[in-house]
Amino acid sequence: MITRRDFLKRIAGGVTACAGGALVPRIVLAGAASKGLPELPAAVLEALPGKQALIKRSYRPPNFETPVTYFNTQFTPNDAFFVRYHLANIPEVNVQDWKLRIGGESVEKPLEFTLEQLKSRFEAVEIAAVCQCAGNRRGMVRPQVPGIQWGHGAMGNARWKGVRLKDVLNRAGLKKGVLEVVFNAADSGMVAQTPDFAKSLPLAKALDENTLIAFEMNGEPLPHWNGFPARLVVPGWTATYWVKHLTSIDAIAKPFEGYWVKTAYRLPKEAFPMQERFLSQENQMNTPITEMMVNSLITNIESGQRFRLSQSIDLKGIAWDGGYGIQQVEVSIDEGKSWREAVIGNDHGRFSWRQWHFRFKPHKKGSYRLMVKATNRSGVTQPLQLIQNPAGYHHNLVQTIDLQVI
Ligand SMILES: Nc1nc2c(c(=O)[nH]1)N[C@H]1C(S)=C(S)[C@@H](COP(=O)(O)O)O[C@H]1N2
Ligand SMILES: [Mo]
């Protein structure tokens, strides 16, 4: 009989054996030596049609994360970009039949646009921005919380091209008293009871010049799995607002009642240093998640890697936040006792991630505990202790990796 521990060892052995391929994530079986489960579920790689092999977290609905090695480039390739759905019924939209409807009680004149009309009637804008799931890294939250057990890869950085939502709403004309703008999508649940995926934004964010109805990603039409033919892009805010396969946009005069805003994607009030709030949806207990928290990641080296004493070590990574911009990235090679500044790469706009690198030469053999932390331009930095919340959102704990110098 195969015990669970044997089974885990076998999976670990199997995957480690092919870990020479640069894009195959190495599995860290934190629990293998003890009795516990591994830190994260084993990384099962599988390719959806049109995608590279990504880390499968669930199949129906499809939830696939990007292996960290893809984050060594400034922009994440479309075919390696993560895929996240709440609902399993995902129609392949035929662009000939597709129309985007603009309506709701608070517009003066409801309108409809084909994709061609959207492209030809409004000014095109392109913005580099991080798209990060609110639950990215949830799999590393202890004690464990329910939800997809993501590792580091429920995120990506891309150039998004589309038209300003504000221009489209103004064409339809907004009445006085509009409070929120609601976004509906083409996907739905397999059973009628599942609440449809729909989100709303506060009017100010909907009218922000950076909020886009996007139809291109990195110079190509959106991939099916990332929202073809058009999705919302809300730079700086967590990806839950980035509604894919848009079908309709409604301006309304009262708070939207949909499950994915009213009940899900909520944070305890005051838990995070959040500057942009969604006030019309706040209640006494909690508040909708909004902007991303400042964060960073080492992308070229993994915990457990060994280096020779004569080698200098080139650490490389990324840092991002909710759109204030990255001010500084610091690295510690002595478990946080002292910090030194990393060199920050090109600025692709305040919503894009920033690449950084840090080179050092260890002076003695032994183990080194490395840490990295980013600070943004509003002076907010990453916490040394995880900020707990029921859904495990905004995991932005300072990352720690252990290296051996031999
Ligand atoms: N139509 C639709 N749009 C959606 C979702 C969804 O389930 N359906 N999930 C949202 C969430 S929670 C995330 S993290 C992002 C993921 O975007 P991606 O799949 O392009 O990576 O899409 C958002 N837009
Ligand atoms: Mo998400």
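The values are calculated or read from the model by the stated rules, or taken from the named source; none is laboratory data. Just so it is clear, the model here is predicted, and its values are computed rather than measured. All Cβ positions, even for glycine, are placed from backbone atoms using ideal geometry, and neighbour counts span all protein chains on display. Ligands, DNA and RNA are excluded from the accessible area calculation, which covers all protein heavy atoms including side chains. Shrake-Rupley method; radii C 1.70, N 1.55, O 1.52, S 1.80 Å.
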Taking the alpha-carbon centroid of each part, what is the distance from the stretch 322-361 to the stretch 145-211 in angstrom? 30 Å
So if I place +1 on the C-beta of Lys and Arg and -1 on the C-beta of Asp and Glu, and nothing else carries charge, what would the dipole magnitude of the stretch 295-405 be about its Cα centre? I want it in debye, nearest 20. 360 debye
Can you list the residues, at least 5 places off or on another chain, whose amide H is less than 5 Å from the amide H of PHE307, using H built in the peptide plane? GLN404, VAL405, ILE406
Summing +1 per Lys or Arg and -1 per Asp or Glu among the other residues with Cβ less than 14 Å from ARG308's Cβ gives +3
Which order, highest average first, do 197-210, 319-332 follow once you tally other Cβ atoms within 10 Å for each residue and take the mean per peptide? 319-332, 197-210
Mind ordering 142-148, 46-52 by average Cβ neighbours within 10 Å, highest first? 46-52, 142-148
Let me check against my output: what whole-number percent is the relative contact order of the chain, with C-alpha pairs under 8 Å and at least 6 apart? 14 percent
Shape verdict for the stretch 221-274, please, from the Cα gyration tensor: rounded (a/c under 1.5), prolate (a/b greater than b/c) or oblate. oblate
Where only protein heavy atoms count, and the probe is 1.4 Å, what is the accessible area per residue for the chain in Å²? 44 Å²
ARG377, ARG369, reordered so the largest accessible area comes first (probe 1.4 Å): ARG377, ARG369
Would you please put 177-183, 362-368 in order of how densely packed they are, using the mean number of other Cβ atoms within 10 angstrom per residue and starting with the highest? 177-183, 362-368
Would you tell me the accessible area of HIS394, worked out with a 1.4 angstrom probe on the heavy atoms of the protein chains, in Å² to the nearest 10? 20 Å²
For a quick check: with amide H placed at 1.01 Å from N, whose amide H comes under 5 Å from ALA342's, ignoring anything fewer than 5 positions away on the same chain? VAL329, GLU330, VAL331
Quick check on the chain: helices-only [θ] at 222 nm, where DSSP H runs of length 4 and up contribute -39,500 (n - 2.57) each and the sum goes over total residues. Nearest 500, please. -2500 deg cm²/dmol
Here the stretch 295-310 yields Karplus 3J(HN,Hα) values (6.51, -1.76, 1.60; θ = phi - 60°; whole Hz; Gly and Pro given as x) of 7, 8, 8, 7, 10, 10, 9, 10, 4, x, 5, 10, 9, 7, 4, 6
About its Cα centre, what dipole magnitude does the chain give when the only charges are +1 on Lys and Arg Cβ and -1 on Asp and Glu Cβ, stated in debye to the nearest 20? 1180 debye
The set of residues whose placed amide H lies less than 5 Å from the amide H of ALA128, leaving out same-chain residues fewer than 5 positions away, is TRP160
Rank TRP98, THR400, PHE64 by how far each Cα sits towards the positive end of the charge dipole of the chain (+1 on Lys, Arg Cβ; -1 on Asp, Glu Cβ) and give me just the farthest. THR400
